[in-house]
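Inspection log for the structure reproduced underneath, given as structure tokens.
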Amino acid sequence: MALTAIKGFNDILPGESGRWHYIEEAARRVFELNGFSEIRVPVMEKTELFCRSIGDATDIVEKEMYSFTDKGDNSITLRPEGTAGVMRAYIEHKLHALDPVAKLYYLGPMFRYERPQKGRYRQFHQIGAEITGVHDPLVDAQVLNMLTAFFREIGLDEPSLQINSLGCPECRPAYRAALCSFLEARTGDLCEDCRRRLSTNPLRALDCKVPGCIQATVGAPSVLEHLCTGCDDHFSAVRSYLDLTETPYSINSRMVRGLDYYTRTTFEMVTTLLGSQSAVAAGGRYDGLIQQLGGPAIPGIGFAMGVERIALLLGQREFASLPDLFIATMGAGERNAAFKLMHGLLKAGVRVEMDYEGKSLKSQMRRADKLKACFSVVIGGNEVASGSAAFKRMSDGIVTEAPLTVAGFEAVLAQGRGISPHHLSTPVSE
RNA sequence: GUGGCCAUGGUGAAGCGGUUAACACAUACGACUGUGACUCGUACAUACGAGGGUUCAAAUCCCUCUGGCCACCCCA
């Protein structure tokens, strides 16, 4: 194969795009119901934006960014995540002046130079949502409820919600120090990676899969026990709001985030069905980010969902949009009548297909079958002469005689109870 | 960045040193000259990821490269 796509960059083929539409439309529906508006920002930003927001010492910034110098000698980067760009736009256009409370969502490709594997690609897609301007834990709960609602909307109950609090710049340093001294006391029991983490990101050690480390960290101090009063109250309030709305969740005090800007509430929707890629969606509060990027001191909270991972969870369900009618024709003269009928039906919003190449009736019928058309009709000399035709329901072969007109077929469609004339983005379970 | 496994047609795959690269599905056309799904027939890889090497002979053995998958790291 001479020319192929870039490693880790995937084509979404026609057979798959229906599933993507299903996910994207469900997200738009749920988010807009919750008062969010879409914001579209560039896929590239100045490199500095990501260094300042995500954190210079994170893996993303250190080794995973697609950064390069453009012809004007500017260092630019393909966005590795969405929040930074959205917040840059929020500040740049002074959206906070209009209304400090903004509810925004976005979707699109993100880029990270990682080794591809199941559920992880170099170009991947995220759908994310952000709320700015509200300190109240009520919005934390609303965001979590919306996330939960989204997964319910697409018919998945598998990913489950885990929450944690990371504290704030007030209380986190003390926790970090307590954890470090705990870990330092047992460096001997830790794996090589965790010894390295001790200096880079000690919290990660709590997340390690090596049995020895799991054992060694059993009694490790928990973030939740080191929260300052403000953070502790906040977290309790989030939990009580979730309880109030009966939103299922569990607390995972060992949950770690990869981005530096998170404060207080953090969360993930996790699954065990995707191999080692357990996080399907993740996010948290970022109260310092906007100010850190040069904006006013306005808090924020948001999340991003991995579209590929959701698509994987949806599995083999079929999301095709199927024709309502396939028109087969007998001879060249009849194709005029067929083409005109198709045109009329399309204008009326009926999904119609017809033979384009004057093939044999047999092969036209085979095509009608292959396209999974609801109905088929054969237009030959008799039909043109009589102005009426036999519409055959493909599922059971039952034939209905009706006028060869738009109204005629619409009547047939209406009769076929339970067969929706509009299949667009309706999942057809197999 | 590290490790393991793998690489034959549109797809799933047989083949493991020797003349025409099984089989199945998919696809196209036909048997049935106005009706699909079943059946049957015909067609469909000078080609076995790429490049070298060993051999009289390689899809089959060796090396390099490239790609894929999975895992680590990290993350959506």
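The values are calculated or read from the model by the stated rules, or taken from the named source; none is laboratory data. From a predicted model like this one, the values you see are computed outputs, not experimental measurements. With ideal geometry, Cβ positions are generated from the backbone for all residues, glycine too; neighbour counts draw on all protein chains shown. Note: accessible area is taken over every heavy atom of the protein model, side chains too, but ligands, DNA and RNA are not part of it. Shrake-Rupley method; radii C 1.70, N 1.55, O 1.52, S 1.80 Å.
Laid out as a table, the results:
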{"item": "For chain A, accessible area per residue (1.4 Å probe, heavy atoms of protein chains only), Å²", "result": "49"}
{"item": "Dipole moment magnitude, nearest 20 debye, the stretch A:251-340 about Cα centre, only Lys, Arg, Asp, Glu C-beta charged", "result": "140"}
{"item": "Which of A:111, A:300, A:342, positive extreme of dipole for chain A (C-beta unit charges)", "result": "A:342"}
{"item": "At 1.002 mPa s and 20 °C, Stokes D of chain A from Kirkwood alpha-carbon radius, µm² per second", "result": "85"}
{"item": "Dipole-positive endmost among A:385, A:266, A:147 within chain A (Cβ charges, Cα centre)", "result": "A:385"}
{"item": "Percent accessible area from carbon and sulfur atoms, the stretch A:325-415, protein chains only, probe 1.4 Å", "result": "55"}
{"item": "List A:404, A:147, ordered by accessible area with a 1.4 Å probe, largest first", "result": "A:404, A:147"}
{"item": "Restricting the stretch A:243-350 to GluC sites (Glu not before Pro) in coil, as DSSP defines it, with at most 12 other Cβ within 10 Å", "result": "A:246"}
{"item": "Calculated from backbone phi, Karplus (6.51, -1.76, 1.60) coupling profile of the stretch A:287-298 in Hz, x at Gly/Pro", "result": "5, x, 4, 4, 5, 4, 8, x, x, x, 6, 10"}
{"item": "Global geometry of the stretch A:106-207, whether rounded, prolate or oblate, following the gyration tensor of its Cα atoms and the 1.5 cut on a/c", "result": "oblate"}
{"item": "5 angstrom amide H check on residue A:265, placed H, neighbours 5+ away", "result": "A:166, A:285"}
{"item": "Sparse-neighbour loop sites [trypsin sites (Lys or Arg not before Pro); the stretch A:208-291; at most 13 other C-beta within 10 Å; DSSP]", "result": "A:209"}
{"item": "Label-to-label distance, nm, for residues given as residue A:113 and residue A:276 (7 Å Cα→Cβ offset)", "result": "2.1"}
{"item": "Total charge dipole magnitude, chain A, about the Cα centre, Cβ charges on Lys, Arg, Asp, Glu only, Debye to nearest 20", "result": "940"}
{"item": "Antiparallel bridge percentage (DSSP; both residues within the stretch A:325-415; nearest 5)", "result": "50"}
{"item": "Partner lysines for residue A:71 [C-alpha distance under 16 Å; skip if fewer than 8 residues away on the same chain]", "result": "A:46"}
{"item": "Gyration tensor verdict on the stretch A:325-415 (Cα atoms; rounded if a/c is under 1.5, prolate if a/b is larger than b/c, oblate otherwise)", "result": "rounded"}
{"item": "Where A:30, A:399, A:406 fall by accessible area, highest first, once all protein chains stay in place (1.4 Å)", "result": "A:399, A:406, A:30"}
{"item": "Aspartates and glutamates whose Cα lies under 16 Å from that of residue A:372, excluding same-chain neighbours fewer than 8 positions away", "result": "A:318, A:324, A:353, A:355, A:396, A:430"}
{"item": "Angle between chain A longest axis and helix A:14-33 axis [Cα atoms, degrees, rounded to 10]", "result": "60"}
{"item": "Charged-residue dipole, Cβ positions (Lys, Arg, Asp, Glu), the stretch A:325-415 about Cα centre, Debye nearest 20", "result": "280"}
{"item": "Sequence-distant aspartates and glutamates (8 or more away, or on other chains) whose Cα lies within less than 13 Å of residue A:63", "result": "A:114"}
